[in-house]
Structure formats: structure tokens, C-alpha cells
Amino acid sequence: MIVIGVTGGIGSGKSTICTLFEKKQVPVFYADLEARKISETTALNEIVDIFGNEILSSPTSVNRKKLAEIVFHDRLKLENLNSIIHPKVFESFHRWKDELPPQTKYALVEAALMFESGMFALMHYVLAVMTNEQTRITRTISRDHADEQVVKARMENQLSTEELLELSDFQINNNGSLNDLTAKVNFFSILFSTLTAPPESL
């Protein structure tokens with residue numbers, strides 16, 4: 001089975017693309033959603049140890065907006081948070097992968113920090129979602145009801161378009177309509193079903 005990472009900057013449309021693949025019965029592991037679950041379960045106590053009880057919105061819930069405002073303005077605290085979350089996400093991914101049907105041709109892993117977290121090393125290939133900056137900002141503000149400066153701070157902690165182009169194996173442009181994006185997903189779904197593992201992973 002081939003595992004393909006799907007990554008891109010905040011607001012690029014990674015989840016939309018993965019949803020289109022899911023409609024084709026392709027399994028998708030959402031690393032970012034898994035990280036959110038972990039932050040409020042197995043990693044909750046460790047997060048409180050670093051950031052204090054004031055980071056909680058309830059005894060079992062992290063105030064994600066407040067946490068984002070802290071870590072995306074303090075690189076050390078962001079690194080501390082990631083060092084807690086990322087290994088647990090990797091463990092969840094391995095369990096998920098092991099439970100997939102043996103006839104599965106390929107599966108996707110959606111992760112915003114595919115390269116930054118090191119998760120790319122668990123992938124056979126990586127697909128980068130490319131979207132212009134202003135579209136990403138507008139989408140994220142609308143989706144998260146976030147302040148523009150907070151969104152821009154988060155973007156500064158992610159790889160640039162040039163870096164994504166250099167590091168990824170495939171790219172998909174998401175500046176057009178949903179119909180246009182659906183057509184591109186149709187193309188990649190056929191391509192991915194023909195892939196074999198690259199020589200270095202054999």
C-alpha cells in the first residue's frame with residue numbers, strides 16, 4: 001500500500017481535497033484533527049504543565065485560540081508543544097495504517113506540518129496544495145473567525161510556497177472553482193492508483 005501525504009499552508013484547502021478523495025473511498029488520516037484530539041486527552045496534562053491552567057476553557061478542553069496566540073508568537077513554546085503532540089500523532093497514524101484493509105491501494109495523510117514535524121519520512125510521496133496567500137488568509141479568517149495578524153503569524157511558522165515546491169513530489173493548484181478542483185482530484189486519483197513505492201523506501 002502506498003501512503004501519500006497531503007500538505008499545504010493554512011487555508012490552502014487540504015481538507016477539501018481530502019474530502020473529495022474520501023468520496024472515492026480513499027482512506028484519509030487527518031493528522032491535524034488527531035492532534036486536536038490528543039491535545040485534549042493523552043497530552044492534556046503535559047500541555048497544562050507548560051502553559052498553565054489558564055490555557056483551559058474547561059477542565060478537559062484547551063482554549064485553542066488562546067494557545068495559538070501564544071505559540072505562534074513564541075517559537076520555543078511552539079517547539080515544546082510540537083514535541084508533545086507530534087510523537088503521539090505518529091503513533092496514532094501507525095495504528096490507523098495497520099487497521100486498513102490489505103487490498104487498499106493507497107491512502108492519504110493530511111497534515112499541515114508534514115515536513116516540519118518529520119511526518120514526511122513516513123510517506124512514500126507528498127502532494128502539496130498550492131493556493132495564493134490572500135485567498136488563504138481570507139479563507140482562514142472566515143473559517144476560524146480569527147484575527148488577520150494571528151493568521152499571518154501562523155503562516156510565518158509554515159513553509160513557503162517555494163519550499164513546498166522543492167520538497168513535494170506532486171502539486172495541485174487550488175485557486176480555481178470546486179469543479180476545477182474536482183477534476184484535478186479525479187486525475188490524481190487515477191495517478192495515485194498506479195504508483196509503486198519509490199526505490200529508497202523498498
Got at least one residue in the range 61-75 being more than 16 Å from the chain's Cα centre (by Cα), hydroxyl-bearing (S, T, Y) and modelled with pLDDT under 90? yes
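Which one is surrounded by the fewest Cβ atoms within 10 Å (Cβ to Cβ) among residues in the range 187-202 that are in contact (Cβ under 8 Å) with a residue 24 or more places away in the chain and assigned to a helix (DSSP H, G or I)?
As a first pass, look at the range 187-202 and keep what is in contact (Cβ under 8 Å) with a residue 24 or more places away in the chain: 188-189, 192-193, 195-198, 201.
Checking the rest, the ones that are also assigned to a helix (DSSP H, G or I) come to 188-189, 192, 201.
Numbers: F188: 18, S189: 16, F192: 20, S201: 13.
Among those residues, the one meeting the criterion is S201.
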Subset of the range 2-25, residues outside any helix (DSSP H, G or I) and over 12 Å from V109 (Cβ atoms), comes to G8, G9, I10, G11, S12, G13, K23, K24, Q25
Total residues in the range 149-186, condition aliphatic (A, V, I, L, M), surrounded by 17 or more Cβ atoms within 10 Å (Cβ to Cβ) and either assigned to a loop (DSSP other than H, G, I, E, B) or touching a His at 6+ places or on another chain (Cβ under 7 Å) (or both): 1
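Scan the range 51-63 and tell me whether some residue there is assigned to a loop (DSSP other than H, G, I, E, B), surrounded by 17 or more Cβ atoms within 10 Å (Cβ to Cβ) and of a type outside the set (V, I, T). So that I can check it myself, show each step before the final result.
Keep residues of the range 51-63 that are assigned to a loop (DSSP other than H, G, I, E, B), which gives 52, 59-60, 63.
Next, from what is left, pick out any that are surrounded by 17 or more Cβ atoms within 10 Å (Cβ to Cβ): none.
No, the range 51-63 has no match at all.
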Can I70 be described as more than 29 Å from I190 (Cβ to Cβ), surrounded by 14 or more Cβ atoms within 10 Å (Cβ to Cβ), touching a Phe, Trp or Tyr at 6+ places or on another chain (Cβ under 8 Å) and free of Cβ contacts under 8 Å to residues at least 24 places away in the same chain? yes
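Could you please give the count of residues in the range 26-45 that are outside any helix (DSSP H, G or I) and of a type in the set (A, V, I, L, M, F, W, C)? Reasoning before the result, please.
In the first step, residues of the range 26-45 are kept if they are outside any helix (DSSP H, G or I); the result is 26-30, 40-43.
Imposing the further condition that a residue be of a type in the set (A, V, I, L, M, F, W, C) reduces the set to 26, 28-29, 43.
Within the range 26-45, residues that are outside any helix (DSSP H, G or I) and of a type in the set (A, V, I, L, M, F, W, C) number 4.
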Go through (1) at pLDDT 85 or above; (2) over 14 Å from the mean Cα position of the chain (by Cα); (3) buried (at least 16 other Cβ atoms within 10 Å of the Cβ); (4) not aliphatic (A, V, I, L, M) for E110 and report which single condition fails. (2)
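The values are calculated or read from the model by the stated rules, or taken from the named source; none is laboratory data. Values in this document were obtained by computation on a predicted structure and should not be read as measured data. Virtual Cβ from ideal backbone geometry, glycine too; neighbours counted across all protein chains shown.
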